[in-house]
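Worksheet: one structure, shown below.
Where a number appears in this text, it was derived from the coordinates with a stated rule and is not lab data. Quick caveat: nothing in here was measured; it's all calculated off a predicted structure. A quick note on method: Cβ atoms are made from the backbone with ideal geometry, for glycine too, and the neighbour counts reach across all protein chains shown.
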């Protein structure tokens with residue numbers, strides 16, 4: 001299965017694409033989408049993000065998507081603008097009929113590093129190791145790859161639980 005992870009941002013949105021085969025994770029691509037000059041109007045910048053995500057989807061054809069949830073910022077205006085950027089990205093994902101999973105930054109860091117308060121360099125290093133990369137991607141791309149890895153792990157959990165419980169769920173044969 002091919003996953004795309006998105007780390008939304010109004011200035012820079014990170015994306016990461018991975019293939020998942022059982023427990024094996026394979027790096028496909030990662031990068032950033034820049035919304036352009038902050039002097040441009042918000043609608044134009046949101047349109048740039050939407051178009052950028054659509055281009056990435058057309059190029060890599062993921063089957064599922066995951067996006068980081070918005071965290072509450074000290075500045076309410078920044079939080080609202082980030083929410084709008086996230087909305088533009090989600091609109092691009094659902095316009096391609098992709099199922100979209102949402103994860104908090106805390107959940108992603110717990111999945112990748114084992115610590116929900118991990119620093120960005122720790123996330124970068126673990127993404128590099130998990131995907132067997134020669135060097136760590138930039139912070140926005142690493143965060144997006146982390147979202148994709150988190151989603152892939154969570155998607156496999158029900159299968160793993162069912163497999164672990166299968167012997168216990170098999171009915172016993174009655175003896176005559």
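Full extension from residue 104 to residue 69: what is 0.36 nm times the residue separation minus their Cα-Cα distance, to one decimal in nm?
12.1 nm
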#### Entry: Helix-only CD estimate at 222 nm, as mean residue ellipticity for the chain, using -39500 (n - 2.57) per DSSP H run (n ≥ 4)
-17000 deg cm²/dmol
### For the chain: span of alpha carbons on each principal axis (Å, largest first)
81, 33, 33
## Note on the structure
Most fluctuating of 92, 118, 39 in the GNM of the chain (C-alpha, under 10 Å) is 39
### Query
Of the peptides 75-82, 47-54, how do they stack up when ordered by the mean number of other Cβ atoms within 10 Å, highest first?
47-54, 75-82
## Note on the structure
Square roots of five times the C-alpha gyration tensor eigenvalues of region 52-119, ordered largest first and given in whole Å, equal 23, 18, 9
### Query
Anyone know which of 124, 23, 110 comes out most mobile in the 10 Å Cα GNM of the chain?
23
### Message
Considering all alpha-carbon pairs of region 1-104, what whole percent are spaced by more than 21 angstrom?
### Response
31
### Message
Take residue 23 and residue 94, extend 7 Å from each Cα along the Cα→Cβ direction, and tell me the distance between the two endpoints in nm.
### Response
3.6
## Note on the structure
Taking every C-alpha to C-alpha distance in region 14-54 and binning by 10 Å from 0, the per-bin percentages run 26, 35, 22, 14, 3
### Task
Pick out which of 132, 11, 107 has the largest mean-square fluctuation in a Gaussian network model of the chain, springs linking Cα atoms closer than 10 Å.
132
